[in-house]
Amino acid sequence: KQVTLSLIKADIGGFPGHVGIHPNLIEIGERELMNAKKKGDIIDYRVMKVGDDLQLLFYHQHGNDSPLIHELAWQTFKKAAKEAHRLRLYGAGQDLLTNAFSGNVKGMGPGVAELTFSLRPSEPVVAFMMDKTEPGAFNLPLYRIFADPFNTAGLVIDPSLQGGFVFEVWDIMKHTSVRLKTPEESYQLLALIGAKSRYVIKHVYPGPDHPKLNPEIPVASVSTEKLSQIAGEYVGKDDPVALIRCQSGLPALGEVLEPFALPYLVSGWMRGSHNGPIMPVSFDDANCTRFDGPPRIVAAGFQITEDQLVGPADLFKDPAFDEARKEASKIATYLRRQGPFEPHRLPLQDMEYTTLPQILNHLKDRFTTL
Ligand code: 13P
Ligand code: 13P
Ligand code: MG
Ligand code: MG
Ligand code: MG
């Protein structure tokens, strides 16, 4: 049986500021998706959150890019936005960039990660959700999960992983994509994805000779679309999500979480204009308070049956990630002491919004030729 997971998210108003989400928005999400389940449009659902982003996870049989599912998400966000306006939440309706729905939320503001696949006898999946950063923030962990044997022991000790994986990378400036196979093309892959604001992983596929899995069906998906769709002009940092299937010919669930033991640096944070450490947190700690951050990630673990999502398990709610959180706090303090100076503050071309043109305009008569 072919099933689809669609994780669709939007910031439709922060509470307060850009810190978190008001419970009424979660309630509206629950109500709308419960109705859709009762009607039989979806098999199951979960409404989740990270920071100020409302996260709708749909479990259904309509495939990727389904107008039914995308419209359901869109209408739910619209209803939540109405409440956000009523409560004067911050940036109410922020990610609903257009008024007319045209069949697919891509390019309209919300972010989407989708996976369609045949259920295995046991189907563990992790939904990762980040706030205060950009889709390229998944480049480093995806490489480590699917291509780095120092992270993923299975690449060395499980014969079914030894054929490697294929990474689909999007050039979000040129609107092109390329597939690179690891381990053979690891160096070329790293050359691209290290430039994480431009080359962004969209999908990971099993290698061509995988003994258990179809090499044409992705096993990991990131919400990269919006960036690509509106690249060229202003692009928000577009707080990203990812879905990753685990075990039995794929990295184990613990291997999928392991990269987050390192609070690596990502772009986003205050005003989408700073570098900072990504902090893995529990659902309860997913509020971006310190300098609107630091950037955060939560991990929701599921087992999937024919008729339900079993979960979520709050995977970073574990003292084993305390050390990463402590290190992230330390790095945050160190970077913050550098105030408005690069590389804590992003270089001009990467800032989410900047008033520099106005400042330059204001000073234009005071510049003299050298
Ligand atoms: P268990 O023996 O606890 O099932 O663990 C098996 C395993 O492969 C862990 O990665
Ligand atoms: P969000 O993208 O999460 O709304 O954050 C924007 C911002 O400016 C935070 O300081
Ligand atoms: Mg916001
Ligand atoms: Mg956000
Ligand atoms: Mg953002």
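The values are calculated or read from the model by the stated rules, or taken from the named source; none is laboratory data. Treat the numbers as computed from the prediction; the structure is a model and nothing was measured. Reconstructed Cβ throughout: ideal geometry from the backbone, glycine too, with neighbour counts over all protein chains shown. Remember, those area values only see protein heavy atoms, side chains included, never the ligands or the DNA or RNA. Shrake-Rupley method; radii C 1.70, N 1.55, O 1.52, S 1.80 Å.
Points to keep in mind about this one:
- Spatially proximal lysines relative to K106 (Cα-Cα < 22 Å; intrachain offsets below 8 disregarded): K9, K49, K78, K79, K82, K132, K174, K196, K202, K226, K237
- Rh (Kirkwood; distinct C-alpha pairs) - the range 212-370, Å: 18.5 Å
- Think of a 1.4 Å ball rolled over the protein heavy atoms: the chain then has 44 Å² of accessible area per residue.
- Rg/Rh for the range 1-151, where both radii come from Cα atoms and Rh is the Kirkwood radius: 0.99
- For the range 284-290, 3J(HN,Hα) per residue [Karplus equation, 6.51 cos²θ - 1.76 cosθ + 1.60, θ = phi - 60°, Hz, x = Gly/Pro]: 5, 9, 8, 10, 8, 9, 6
- Cβ-derived FRET efficiency at R0 56 Å, L356 paired with Q303, nearest 0.05: 0.70
- For trypsin sites (Lys or Arg not before Pro), the sites in the range 160-220 that DSSP calls loop and that have at most 13 other Cβ atoms within 10 Å are K174, K212.
- For the chain, the convex hull spanned by the alpha carbon atoms encloses 151 Å³ per residue.
- Share of Cα-Cα pairs in the range 309-370 lying beyond 19 Å, as whole percent: 63 percent
- H62 long-range amide H proximity, modeled H, under 5 Å: T4
- Chymotrypsin sites (Phe, Trp or Tyr not before Pro) within the range 57-158, DSSP loop, no more than 11 other Cβ atoms inside 10 Å: F150
- Share of carbon and sulfur in the accessible heavy-atom surface of the range 229-370 [1.4 Å probe, %]: 54 percent
- Virtual paramagnetic centre 7 Å along Cα→Cβ of E184, amide N under 17 Å, in the range 138-156: 147
- Cα→Cβ-extended label distance, 7 Å offset, between D365 and A191, nm: 5.1 nm
- Overall form of the range 123-274: prolate. Here a/c, set by the Cα gyration tensor axes a ≥ b ≥ c, is 1.5 or more, and a/b is the larger of a/b and b/c.
- Trypsin sites (Lys or Arg not before Pro) restricted to DSSP loop in the range 52-98 with at most 14 other C-beta within 10 Å: R88
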